[in-house]
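The values are calculated or read from the model by the stated rules, or taken from the named source; none is laboratory data. Remember, it's a predicted structure, so these values are computed and weren't measured experimentally. FYI the Cβ positions are ideal-geometry reconstructions off the backbone, even for glycines, and counts take in every protein chain you see.
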2 protein chains.
Amino acid sequence: MRDHGLAALLLTTEPDVRYFTGYLTRFWESPTRPWFLIVPARGKPVAVIPSIGAQLMAQTWIDDIRTWSAPDLSDDGISLLADALAEIAYGGAVGIPDGHETHVRMPLADLDRLRRIANLTTDHGIIRTLRMVKSQPEIAKIEAACTIAGRAFARVPEIAREGVPLSNVFRHFQMLCLEEGADWVPYLAGGAEQGGYGDVISPASDTPLSKGDVLMLDTGLVRDGYFSDFDRNWSVGPAQPAVQDAHKRLIEASDAAFDAARPGATAADLFTVMNPIVTDDAQGTGAGRLGHGLGMSLTEWPSLIPTDHTVLQPGMVLTLEPGIALGDKILVHEENIVITETGARFLSPRIGPELPEL
Amino acid sequence: MRDHGLAALLLTTEPDVRYFTGYLTRFWESPTRPWFLIVPARGKPVAVIPSIGAQLMAQTWIDDIRTWSAPDLSDDGISLLADALAEIAYGGAVGIPDGHETHVRMPLADLDRLRRIANLTTDHGIIRTLRMVKSQPEIAKIEAACTIAGRAFARVPEIAREGVPLSNVFRHFQMLCLEEGADWVPYLAGGAEQGGYGDVISPASDTPLSKGDVLMLDTGLVRDGYFSDFDRNWSVGPAQPAVQDAHKRLIEASDAAFDAARPGATAADLFTVMNPIVTDDAQGTGAGRLGHGLGMSLTEWPSLIPTDHTVLQPGMVLTLEPGIALGDKILVHEENIVITETGARFLSPRIGPELPEL
């Protein structure tokens, strides 16, 4: 902040507020109320939040908690926030995350009003830079989530077989995640079609699994506030050689990226290692990237794309997510790794090249 | 739009985009990519979205789908969006939701860039007004979600008893919701302490349930893209008379609001009916409101507060959520109703005044 002439940061989203406070609640699901955290250049953060959150915030290390009874239709915390900023920043510049992967979680009319009172500017990527490198406790939490997901994936043969509707598989897989220790399951996507699937973001249809389908489940489950994010594929009955080969190449690609992942390599380097293994198109295909950061959010900085030259550092947690086209279908494989001092370590249970059969 | 001189609306959030398209995916959990929908004053909506979503969007009724390979670090869809707005709005005013309960889901730096190119202004509350009154199919979906939640709540005695850690209850309750037909469970909060609980937004602790605790579970589960949002309370062992009485008064309050709920009454009226039953404080206590709208989001417009004079109309779906203080603890009860032509109808399975015992 000092380098950028910032007197404070203003944070408005769940992960950013939690990063500095430990304030963990699913109440952010409600879009009604804005929440604010001021992180001064010196001193402890100050929470400016709806009164409904005061008791829980008081259980964190934050002691300056200013509340209003939200929703307030005439002034939903803006005057309270402006006063706090005036007191803390003395008219100095207040950085707000404004780059890729961010948004400001407050009504635009209120943001415009605040901009007329306070000296808001960019956070110069400070939050991104901080959150991108995980502490050992953070890595342990992500690994715990990955271990739970790994156990749930290992039990998929209990719930998925020919004739079971995909929507049932989705429902029961979430139950397995919970049974194995997930606190909640914010994300599940996947597909099951003949020889692949159409995309990786669709909700489940009620179509029953049938012989020749490739089933893919991609979950982001949360344990103690941190995400896992990886997927697994299965063939319903024996897989065609082309499908087996595609899966083999996906594993080859993620293994190659794992081998290349070390401090000093870049996000783009990992793309460059994986991409020729899965496609002839130098720009990649489909999803737009071959992996990303992971942590308090399902997806975080950086992106494994040709233009992201973020230099890998020990403590960064990444997904390796190569995809391959197979006719008009795709197959996608995903693993989670952490960058270490000397290379990388798998956080998800690394799998072999064989596509398992259901 | 014509009344307000708008050439188009620009939408950026999951429920707003889905409202006009039917585009349903949990992929919004990833904060990486912005998504845009342009709703012109005449003609069909136009989607300007990351290529990863093209296939799924093509399954909706939208046929003008413009994509870019996101994330693009130099231009993450902004030029594509600006060109589309120029073509569709011809420099006319483009309304963007900017009031209470909204935010703009795109990076602030990109929004500022877009504002310099396009003529962005308020949506004058059009989206709020539209979404607040539900169609019959929407009401049926919400009711289906409520029925599932009701069945899960009825089975809580299977999973909750003295000695069971609250975190286990939370995990197993989510499994019950899924088993009973939830597609996913975006929200669960609650508490269990002696004679009440401290707040209603905390995640679960590992503390075992003990005699004299009041257990509360408040869930927002999703079925086919629509939420339920109600809670239930139980006493672990026999409840103290004061706790029984508090629960009785909560039911009395929600029943009174139900009786008052009809076209022509206001959101404030329902607050005014409930509040004197649960507190002597005319402004209410704690949570800041005694209920809210419900639908594609866990919480929607209006708010049951003294200052919200929204006039109830047939098709509005509301939660009635009175809370009562009991020493330093609270008890909260919540039901879901729909406003009909002549009054209101319960969507959640209405319960009686007795606090059930585990």
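Take B:GLN55 and tell me if it is assigned to a helix (DSSP H, G or I), of a type outside the set (D, E, K, R) and within 11 Å of chain A (Cβ to nearest Cβ). Full working, then the answer.
Numbers: assigned to a helix (DSSP H, G or I): yes; of a type outside the set (D, E, K, R): yes; within 11 Å of chain A (Cβ to nearest Cβ): yes.
Answer is yes for this residue.
So in segment A:284-325, with the set limited to residues that are surrounded by fewer than 19 Cβ atoms within 10 Å (Cβ to Cβ) and hydrophobic (A, V, I, L, M, F, W, C), which one is nearest to the other protein chains (Cβ to nearest Cβ)?
Among those that are surrounded by fewer than 19 Cβ atoms within 10 Å (Cβ to Cβ) and hydrophobic (A, V, I, L, M, F, W, C), it is A:ALA325.
At least 2 residues that are in the same structural domain as A:TYR23 (by TED's automatic domain parsing) in each: list the strands (runs of 3 or more DSSP E) lying fully within segment A:164-257 that qualify. Walk me through how you get there before you give the answer.
Details: elements: A:184-194, A:213-223, A:230-235.
Fully inside segment A:164-257 and qualifying: nothing.
Of all residues in segment A:300-320, how many are in contact (Cβ under 8 Å) with a residue 40 or more places away in the chain, in contact with a Ser or Thr (Cβ under 9 Å, 6 or more places away or on another chain) and either within 24 Å of A:GLY196 (Cα to Cα) or not polar (S, T, N, Q) (or both)? Steps first, answer last, please.
First, the residues of segment A:300-320 that are in contact (Cβ under 8 Å) with a residue 40 or more places away in the chain: A:300-302, A:304, A:308-320.
Okay, now just the ones that are also in contact with a Ser or Thr (Cβ under 9 Å, 6 or more places away or on another chain), so A:300-302, A:304, A:308-312, A:314-316, A:319-320.
In the following step, the residues that additionally are either within 24 Å of A:GLY196 (Cα to Cα) or not polar (S, T, N, Q) (or both) were identified as A:300-302, A:304, A:308-309, A:311-312, A:314-316, A:319-320.
Counting residues in segment A:300-320 that are in contact (Cβ under 8 Å) with a residue 40 or more places away in the chain, in contact with a Ser or Thr (Cβ under 9 Å, 6 or more places away or on another chain) and either within 24 Å of A:GLY196 (Cα to Cα) or not polar (S, T, N, Q) (or both) gives 13.
So in segment B:264-311, with the set limited to residues that are touching a strand residue (DSSP E or B) at 6+ places or on another chain (Cβ under 8 Å) and of a type in the set (Val, Ile, Thr), which one is farthest from B:GLY327 (Cα to Cα)?
It comes out as B:VAL311.
For segment A:222-238, does any single residue satisfy the condition of being surrounded by fewer than 22 Cβ atoms within 10 Å (Cβ to Cβ), in contact with a Lys or Arg (Cβ under 6 Å, 6 or more places away or on another chain), of a type outside the set (Phe, Trp, Tyr) and in contact (Cβ under 8 Å) with a residue 24 or more places away in the chain?
Within segment A:222-238, one or more residues are surrounded by fewer than 22 Cβ atoms within 10 Å (Cβ to Cβ), in contact with a Lys or Arg (Cβ under 6 Å, 6 or more places away or on another chain), of a type outside the set (Phe, Trp, Tyr) and in contact (Cβ under 8 Å) with a residue 24 or more places away in the chain.
Determine whether A:ARG33 is in contact with a strand residue (DSSP E or B) (Cβ under 6 Å, 6 or more places away or on another chain), over 26 Å from A:ASN119 (Cα atoms) and within 9 Å of chain B (Cβ to nearest Cβ).
In short, no.
Name the residues in segment B:197-213 that are in contact with a helix residue (DSSP H, G or I) (Cβ under 7 Å, 6 or more places away or on another chain) and either within 12 Å of chain A (Cβ to nearest Cβ) or within 15 Å of B:PHE153 (Cα to Cα) (or both), would you?
Listed by number, the residues that qualify are B:GLY198, B:ASP199, B:ILE201, B:SER202, B:PRO203, B:ALA204, B:SER205, B:ASP206.
I need the full set of residues from segment B:79-98 which are more than 18 Å from B:THR121 (Cβ to Cβ) and in contact (Cβ under 8 Å) with a residue 24 or more places away in the chain, in order please.
Taking segment B:79-98 and keeping what is more than 18 Å from B:THR121 (Cβ to Cβ), we get B:79-80, B:83, B:87.
Selection gives B:LEU80 alone.
In segment A:119-140, what residues are within 14 Å of another protein chain (Cβ to nearest Cβ) and more than 11 Å from B:LEU108 (Cβ to Cβ)? Outline the logic, then answer.
Our first condition is that a residue be within 14 Å of another protein chain (Cβ to nearest Cβ); within segment A:119-140, this holds for A:120-125, A:127-128, A:131-132.
Those that are within 14 Å of another protein chain (Cβ to nearest Cβ) and more than 11 Å from B:LEU108 (Cβ to Cβ): A:HIS124, A:GLY125, A:ILE127, A:ARG128, A:ARG131, A:MET132.
Across segment A:1-23, what is the total count of residues that are buried (at least 20 other Cβ atoms within 10 Å of the Cβ), under 17 Å from the mean Cα position of the chain (by Cα) and within 11 Å of chain B (Cβ to nearest Cβ)?
3
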